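The values are calculated or read from the model by the stated rules, or taken from the named source; none is laboratory data. All of these numbers come straight from a predicted model, not from anything done at the bench. Backbone-built Cβ (ideal geometry, glycine too); neighbour counts: all protein chains shown.
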Amino acid sequence: MQYRILSKIKETENAASFVLEPVNTVLKYEAGQFVTLIFNNRNNEEERRSYSISSSSILNEPLTITVKKVVNGAYSRKLVDTAQPGDILNGLAPAGFFTLPSATEQLQFAFFAAGSGITPVYAQIKTLLAIYDTIKIVLVYSNRSQKDTLFYKELQSMAEKYADRLVIQFLFNDASHYSHARLSASMVENIIRSHFPERMQLLWVYLCGPFQYMLMITMVLRGMGIRDTQIKKEQFTIHKSAAPQKPVDTALHMVHAMLGQSAYSWQVQYPDTILQAAKKQHIDLPYNCESGQCGACAAVCVSGKVWMYKNEVLMEDEIKTGRFLTCTAYPIEGDVQIRY
Ligand SMILES: Cc1cc2nc3c(=O)[nH]c(=O)nc-3n(C[C@H](O)[C@H](O)[C@H](O)COP(=O)(O)OP(=O)(O)OC[C@H]3O[C@@H](n4cnc5c(N)ncnc54)[C@H](O)[C@@H]3O)c2cc1C
Ligand code: FES
């Protein structure tokens, strides 16, 4: 599918938002999801990059992504420096599982975001504030400096407008005092304990930032008794890894898939995953990271069994409904039917 850039908004020196119009289609999306864009490199090979949606569909905001330039990055620079209204971008429909739980009235939320990691979180906070008028939200947001901070003014005015529900703690690397500069383990624990002294089993924590940053916060939360099922993470940086172990069954099996109105069947055998085997047959399935880390390739196993060697996206309740990642999965013990 394609997106037309309707407008471009300069957010900071190095970042811009793009209001996108899906061409000839209407799309639904949830706060926290992303759009994967497909580019062609100099050798005419496809390269994919995902960008989280910063708009809230509940507020009827048009689909918007926010891109921050990465030093020497191939496509973020191109988008921020040269993409213009009217340009057409190839891509995939919104996807991803960094989304809000469905019934939230009783819940409370802590968000930890660093740099461009605010993008999905910004959409989630706007959505929560629009839907619920009682829930408590705390955002801890780390940046190099105030001038590099995406949505700084908008977040400040939200914190003023919803002072009874939203607390924001900004951290800037260039702050003169350490306690306002870097997020430490003790700071994470103090923030959680002081803002959520009760009902910690109803706390959901959302993390989006560098790997080590999210790891540190996760370790602190685990130490406080917060379960992994209460913690959701979105990784912007993909670390590719090979399958650490073989599936129990490495025999050849058929995969039958429904993608929209189209039906496909193809053979899959270890070491190719379901996605890799489909790509070899030129079957155009959705994907991005090919490493179990983004969720763009997720499908539902309707019959038969699949086994994933890696999953950093889906939670247990999603897996129980048959959802799995085609990029890290193999069919086992027979043929499988899947749908998107
Ligand atoms: C689910 C998800 C959501 C995301 N959401 C957002 C978002 O909302 N906003 C946002 O700005 N970004 C987001 N990202 C990140 C985004 O997808 C891109 O990864 C980012 O824009 C960098 O892409 P690039 O093409 O500019 O950089 P790349 O070309 O991929 O390069 C990235 C870095 O790797 C280095 N590098 C690349 N190739 C080599 C090489 N061969 N040797 C050595 N170094 C190399 C580059 O120098 C650069 O520093 C998201 C990512 C994911 C997975
Ligand atoms: S393509 Fe990213 S999880 Fe499969």
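Kindly indicate which of Ala277, Ala296, Ala243 is touching a strand residue (DSSP E or B) at 6+ places or on another chain (Cβ under 6 Å), in contact (Cβ under 8 Å) with a residue 24 or more places away in the chain and small (Gly, Ala, Ser).
Values: Ala277 fails: in contact (Cβ under 8 Å) with a residue 24 or more places away in the chain; Ala243 fails: touching a strand residue (DSSP E or B) at 6+ places or on another chain (Cβ under 6 Å).
The match here is Ala296.
Mind counting the residues in segment 49-62 that are more than 16 Å from ligand 2 (Cβ to nearest atom) and within 16 Å of Phe151 (Cα to Cα)?
Pass one, segment 49-62, residues more than 16 Å from ligand 2 (Cβ to nearest atom): 53-62.
Retained after the next criterion (residues that are within 16 Å of Phe151 (Cα to Cα)): 53-56, 61.
Within segment 49-62, residues that are more than 16 Å from ligand 2 (Cβ to nearest atom) and within 16 Å of Phe151 (Cα to Cα) number 5.
Answer yes or no as to whether Ile192 is of a type in the set (Val, Ile, Thr) and closer than 23 Å to Glu318 by Cα.
no
On the given criteria, is Tyr141 among the aromatic types (Phe, Trp, Tyr), closer than 22 Å to Ser52 by Cα and free of Cβ contacts under 8 Å to residues at least 60 places away in the same chain?
So Tyr141 passes the test.
With respect to the numbered conditions (1) without any contact (Cβ under 8 Å) to a residue 40 or more places away in the chain; (2) at negative phi, which one is the sole condition not fulfilled by Asn60?
Going through the list (1) without any contact (Cβ under 8 Å) to a residue 40 or more places away in the chain; (2) at negative phi, Asn60 breaks only (2).
Residue check: is Asp317 at negative phi and either modelled with pLDDT of 95 or more or in a loop (DSSP other than H, G, I, E, B) (or both)?
Considered against the rule, which asks whether it is at negative phi and either modelled with pLDDT of 95 or more or in a loop (DSSP other than H, G, I, E, B) (or both), Asp317 comes out as no.
Would you confirm, using the coordinates I've provided, whether Gly260 is more than 16 Å from ligand 2 (Cβ to nearest atom) and within 29 Å of Tyr51 (Cα to Cα)?
So Gly260 passes the test.
In segment 231-265, how many are under 19 Å from Met308 (Cβ atoms) and of a type in the set (Gly, Ala, Ser)?
Total meeting the criteria: 5.
Residue by residue through segment 59-72, note down the ones that are in contact with an Asp or Glu (Cβ under 9 Å, 6 or more places away or on another chain) and more than 6 Å from ligand 1 (Cβ to nearest atom).
Pro62, Leu63, Lys69
Those residues that are closer than 24 Å to Ala114 by Cα and of a type outside the set (Gly, Ala, Ser), I need them from segment 21-61; list them, please.
If we filter segment 21-61 for residues that are closer than 24 Å to Ala114 by Cα, which is where we start, we get 29-37, 48-57, 61.
Residues satisfying the conditions are Tyr29, Glu30, Gln33, Phe34, Val35, Thr36, Leu37, Arg48, Arg49, Tyr51, Ile53, Glu61.
Please work out if Tyr141 is farther than 25 Å from Cys289 by Cα, within 16 Å of ligand 1 (Cβ to nearest atom) and modelled with pLDDT of 95 or more.
Yes.
Among what's in segment 320-340 and is basic (Lys, Arg) and assigned to a strand (DSSP E or B), pick the residue that is nearest to the chain's Cα centre (by Cα).
Checking each candidate, the answer is Arg323.
Please go through segment 53-94 and pick out each residue that is among the β-branched types (Val, Ile, Thr) and surrounded by fewer than 20 Cβ atoms within 10 Å (Cβ to Cβ).
Kept after step one, since they are among the β-branched types (Val, Ile, Thr), are these residues of segment 53-94: 53, 58, 64-67, 70-71, 80, 82, 88.
Ile58, Val70, Val71, Thr82, Ile88 - these are the residues of segment 53-94 that are among the β-branched types (Val, Ile, Thr) and surrounded by fewer than 20 Cβ atoms within 10 Å (Cβ to Cβ).
Only strands (runs of 3 or more DSSP E) wholly contained in segment 202-314 count here; list those with 3 or more residues that are more than 16 Å from ligand 1 (Cβ to nearest atom), within 22 Å of the chain's Cα centre (by Cα) and of a type in the set (A, V, I, L, M).
298-308
Just give me the residues in segment 227-251 being more than 16 Å from ligand 2 (Cβ to nearest atom) and closer than 22 Å to Ile118 by Cβ, in sequence order.
Once the filter is applied, which keeps residues that are more than 16 Å from ligand 2 (Cβ to nearest atom) and closer than 22 Å to Ile118 by Cβ, segment 227-251 yields Gln230, Ile231.
Test Cys294 against the criterion of being modelled with pLDDT of 95 or more, in contact with a Phe, Trp or Tyr (Cβ under 9 Å, 6 or more places away or on another chain) and not hydroxyl-bearing (Ser, Thr, Tyr), and give yes or no.
Answer is no for this residue.
Consider only pairs whose beta carbons are under 6 Å apart and that are at least six residues apart or on different chains; among these, list those whose first residue lies in segment 248-274 and is under 30 Å from Thr25 (Cα atoms) and whose second residue is of a type in the set (D, E, K, R) and assigned to a strand (DSSP E or B).
Taking only residues 6 or more apart or on different chains, the pairs are Met258/Arg339.
Looking for something within 30 Å of Met219 (Cα to Cα) and out of contact with any Cys (no Cβ under 9 Å at 6 or more places or on another chain) - is there at least one such residue anywhere in segment 75-90?
Of segment 75-90, the ones within 30 Å of Met219 (Cα to Cα) are none.
No, there is no match, as no residue in segment 75-90 is within 30 Å of Met219 (Cα to Cα) and out of contact with any Cys (no Cβ under 9 Å at 6 or more places or on another chain).
Looking only at segment 102-145, count how many residues are polar (S, T, N, Q) and assigned to a helix (DSSP H, G or I). Break it down stepwise before answering.
Here is the first cut: in segment 102-145, the ones polar (S, T, N, Q) are 102, 104, 106, 108, 116, 119, 124, 127, 134, 142-143, 145.
Now narrow it down to the ones that are assigned to a helix (DSSP H, G or I): 116, 119, 124, 127.
Total meeting the criteria: 4.
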